[in-house]
Amino acid sequence: MVAANYDVLVIGTGSAGCAAALAAADAGARVVLVAKSGNLLESNTAYAQGGIIARGTDDSPDMLMQDILAAGNGLCWPPAVEQLAQQGPPLVYSLLIDRLHVDFSRHQGELDYTQEAAHSTRRILYSTDATGRAIAEAMTAGVRAHPNIEILSKHTAVDLITLPHHSTNALDIYEPVVCLGAYLLDQQTGHVKRVLSRKTILATGGLGQVYLHTTNPVGARGDGLAMAARAGAEVINAEFIQFHPTAFYHRDAQRFLISETVRGEGAKLCNLRGERFMEGYHPLAELAPRDVVARAIWEEMLKEGSQYVLLDLSEITVDVTKRFPTIYQTLLQYGVDITRDPIPVVPAAHYFIGGVKVDLQGHTSLRHLYAVGEVSCTGVHGANRLASTSLLEALTWGTKAGQDAAHTAREGNGWRFDHVADWHDAGLTESIDPALVVQDWVTIRTTMWNYAGIVRTTKRLARAVADLNYLSHRIENFYRETKLSDQLVGLRNAIDVALIISRAALRNPRSVGAHYRVD
């Protein structure tokens, strides 16, 4: 029998992937970490502004659990919420602060805690308004320095390797379905590698790029979700897309996240006449759950016939240039000075609440496959994510999955690595047509924004499914006839993901949390 290339394959280099790689490597596993970009920092983690939940002065696991459950609209899985509340905050201190020395903001030498929407106390650690980047820099430095971790950058995961689907042995059809690694496209050579592993951990992040307006980076196109679904892993809660209420609106700028902590520090939402409106939608006003605030802004825009609303920072008492330096400098480039000007904002697709169904260790329904971070659905978020839980969830489940994968990779025999087929793409010489790719992306994004966005109806969702089904056949033919590239892989994954979301939303007739049906 041919030996596996690696004990653990981790796909994705955000906080979840790095936590998984570090935990597996610490446990003695031989780990390979795959990055789609040449820059390990290119992940949703690095774009997170607000913070990560720790444990505030007047805080407790029970208080955190109650806040998460309240935000989740009755759909949170209590064991997952309990695991996060009990085990997550200690990891922040032991891994991020004590080991990796993340530079969190301090006041008079002590860690400074802030508060965000729907939290009952100040329990969130931050690093000015670039918390995710501070965490990402520390974690990527940690994985680079670890002797048990090999890094493959500029490699795109094309598909998971599963048997019997990719088996050369016809008798494998009688064996249980297993995941034994992934086919990876080397972006520099154009060749597809067969990377075998005893355990595979998906940590590929989110899917915001399938929407017209998103706070996510260009790589967040749902690659891991699409691969897992094609391989047969169970996907749940895919209708729940969290739209961040406040993304900077400017016709010449990519949608840029205006952190929830800006509202936490006292900023107010106003219409274009300068009138506050949130008190008419929820008792917590600007600190209401994100889905409430996003829909309120949406309704105000429709009511006023405007393309955006205004976020007024005039009541914030701290120095906004020091508290939010990234926001200050970025918006200044577009003529908005937050020390005196309100910020034009619009809701944007921000976080995928659903995902590949996992248990408390990150196991999926497919043997030897784990999922962690935004690509997974742990049950923590329910129908609506509480602010700043995502980084903590990624840290917690990444660590749990990495430890479990390392330990179980040593158990048992019967790995059928010698049955895995090579990648076959001989004869495909046609290059990708960029005009077709651009147009297909436009169709996907506008369809999802108009028909499966913040406010949904049966007719809109049915139209989305019909239109996307038609496009899916064309893209699949395009994929099978064209020389493989990262752009083509991403387009194929995007149409799969758009259909997963739209079908799930159509199946669920009940408005709950981030899934809002007006009919």
Quiz prompt | Computed lengthening from Gln86 to Ser306, 0.36 nm per intervening residue step minus Cα-Cα distance | solution = 74.8 nm
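If packing is taken as the average count of other Cβ atoms within 10 Å, what order do 184-192, 265-273 fall into, highest mean first? Kindly include the intermediate steps, with their values, before the conclusion.
Numbers: 184-192: 15.3, 265-273: 18.2.
The packing order, highest mean first, is 265-273, 184-192.
Output the relative contact order of the chain, whole-number percent, from Cα pairs under 8 angstrom with separation of 6+ residues. Mind showing how you got there, number by number?
On the way: 1177 pairs, mean separation 119.2, N = 519.
This gives 23 percent for the chain.
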Quiz prompt | Segment Leu171-Asp319, extension gain: residue separation times 0.36 nm, minus the distance between their alpha carbons | solution = 46.5 nm
Quiz item: How about the stretch 459-503: which trypsin sites (Lys or Arg not before Pro) there are in a DSSP loop, with at most 15 other Cβ atoms within 10 Å of their Cβ?
Solution: Lys483
Quiz prompt | For the stretch 392-412 and the stretch 336-387, distance of Cα centres in Å | solution = 20 Å
Quiz item: For the stretch 374-436, which GluC sites (Glu not before Pro) are both in a DSSP coil and crowded by at most 12 other Cβ atoms within 10 Å?
Solution: Glu411, Glu430
Quiz item: Between the helical axis of 61-71 and the dominant principal axis of the chain, each derived from Cα atoms, what acute angle in degrees is found, rounded to the nearest 10?
Solution: 80 degrees
Practice problem: Within 10 Å, count the other beta carbons around each residue, average over each peptide in 102-114, 205-217, and list them highest first. | Solution: 205-217, 102-114
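Before rounding to the nearest 500, sum -39500 (n - 2.57) across all DSSP H runs of length at least 4 in the chain and divide by the residue total; then give [θ] at 222 nm in deg cm²/dmol. Please report the intermediate quantities before stating the final value.
Values: 14 runs with 182 residues, N = 519.
Calculated mean residue ellipticity at 222 nm is -11000 deg cm²/dmol.
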Exercise. On a 0 to 90° scale, report how tilted helix 389-409 is relative to the longest principal axis of the chain, with both axes built from alpha carbons and the result rounded to the nearest 10.
Key: 20 degrees
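Report the antiparallel proportion of the DSSP beta bridges in the chain as a percent, rounded to a multiple of 5. Intermediate results must be reported in sequence, preceding the final value.
Details: 38 of 59 bridges.
Here the share of antiparallel DSSP bridges comes out near 65 percent.
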Exercise. Only Lys, Arg, Asp and Glu count, each charged at its Cβ (+1, +1, -1, -1), so figure out the dipole size of the chain about its Cα centre, rounded to 20 debye.
Key: 700 debye
Practice problem: Work through the residues other than His155 whose Cβ is under 11 Å from its Cβ and net out their charges, Lys, Arg +1 and Asp, Glu -1. | Solution: +1
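I'd like the chymotrypsin sites (Phe, Trp or Tyr not before Pro) in the stretch 314-378 restricted to DSSP loop residues with at most 14 other Cβ atoms within 10 Å, sorted by number. The partial results should precede the final answer.
Values: sites: Tyr328, Tyr334, Tyr351, Phe352, Tyr370; in loops: Tyr334.
For chymotrypsin sites (Phe, Trp or Tyr not before Pro) across the stretch 314-378 that sit outside H, G, I, E and B with at most 14 neighbouring Cβ atoms in 10 Å, the list reads Tyr334.
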Self-check item: Size of the stretch 37-89 as Cα extents on the principal axes (Å, biggest first)
Solution: 41, 28, 18
Quiz item: If each of Asn477 and Ser153 carries a label point 7 Å out from its Cα toward its Cβ, how far apart are those two points in nm?
Solution: 4.0 nm
Practice problem: Could you work out how far the C-alpha centroid of the stretch 309-323 sits from that of the stretch 118-176, in angstrom? | Solution: 35 Å
Practice problem: Pop a pseudo-label 7 angstrom from the Cα along the beta-carbon direction at both Ile236 and Ser365 and give the gap in nm to one decimal. | Solution: 1.0 nm
Self-check item: Förster-model FRET efficiency, 60 Å R0, Lys459 and Thr339, C-beta, rounded to 0.05
Solution: 0.85
Self-check item: Reachable lysines from Lys199, criterion Cα separation under 16 angstrom, eight or more residues apart if same chain
Solution: Lys400
Quiz item: Rounded to the nearest 20 Debye, what is the dipole magnitude of the stretch 113-270 about its Cα centre when Lys and Arg each give +1 and Asp and Glu each give -1 at the C-beta?
Solution: 300 debye
Quiz item: Rg and Dmax of the stretch 1-52, using alpha carbons, in Å: what are they?
Solution: 13.1, 49
Quiz prompt | Beta bridges by DSSP in the stretch 177-283, antiparallel share as percent, to the nearest 5 | solution = 100 percent
Practice problem: Report the one residue of Thr429, Asn384, Val293 whose Cα lies farthest in the direction of the positive end of the charge dipole of the chain (charges on C-beta: Lys and Arg +1, Asp and Glu -1; origin at the Cα centre). | Solution: Thr429
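Would you kindly work out the equivalent ellipsoid of the stretch 294-391 from its C-alpha gyration tensor and give its semi-axes, the square roots of five times the eigenvalues, largest first in whole Å? Mind showing how you got there, number by number?
Working: eigenvalues 268, 67, 26 Å².
Sorted largest first and rounded, they come to 37, 18, 11 Å.
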Quiz prompt | Candidate lysines - alpha carbon under 30 Å from Lys303, same-chain residues fewer than 8 apart omitted | solution = Lys268, Lys459
Exercise. List the lysines whose Cα lies under 18 Å from the Cα of Lys193, skipping any in the same chain that are fewer than 8 positions away.
Key: Lys36, Lys154, Lys483
Quiz item: In percent, how large is the relative contact order of the stretch 384-519, given Cα pairs closer than 8 Å and 6 or more residues apart?
Solution: 30 percent
Quiz item: Can you give the angle from 0 to 90° between the axis of helix 486-507 and the longest principal axis of the chain, with both taken from C-alpha atoms, to the nearest 10?
Solution: 70 degrees
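What size of dipole, in debye to the nearest 20, comes out for the stretch 52-193 about its Cα centre when the only charges are +1 on Lys and Arg C-beta atoms and -1 on Asp and Glu C-beta atoms? Before the final figure, lay out each step's value.
Values: 9 positive and 17 negative charges, 65 e Å.
Here the size comes out at about 320 debye.
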Exercise. State the percentage of accessible surface on the stretch 430-519 attributable to carbon and sulfur atoms; use a 1.4 Å probe and exclude ligands, DNA and RNA.
Key: 51 percent
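Give me the 1.4 Å probe accessible area per residue for the chain, excluding ligands and nucleic acids, in Å². Numbers along the way, then the final one.
Values: 20220 Å² over 519 residues.
Here the per-residue accessible area is 39 Å².
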Quiz prompt | Listed residues Ser511, His363, Ala23: farthest to the positive end of the dipole of the chain (Cβ charges) | solution = Ser511
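Express in nm, to one decimal, how much length is gained between Asp422 and Arg106 on full extension, taking 0.36 nm for each residue of separation and deducting their alpha carbon distance.
Details: separation 316, 0.36 × 316 = 113.76 nm, distance 5.29 nm.
Here the segment from Asp422 to Arg106 would lengthen by 108.5 nm.
The values are calculated or read from the model by the stated rules, or taken from the named source; none is laboratory data. Please read these numbers as outputs of a predicted model, since none were measured by experiment. Virtual Cβ from ideal backbone geometry, glycine too; neighbours counted across all protein chains shown. Note: accessible area is taken over every heavy atom of the protein model, side chains too, but ligands, DNA and RNA are not part of it. Shrake-Rupley method; radii C 1.70, N 1.55, O 1.52, S 1.80 Å.
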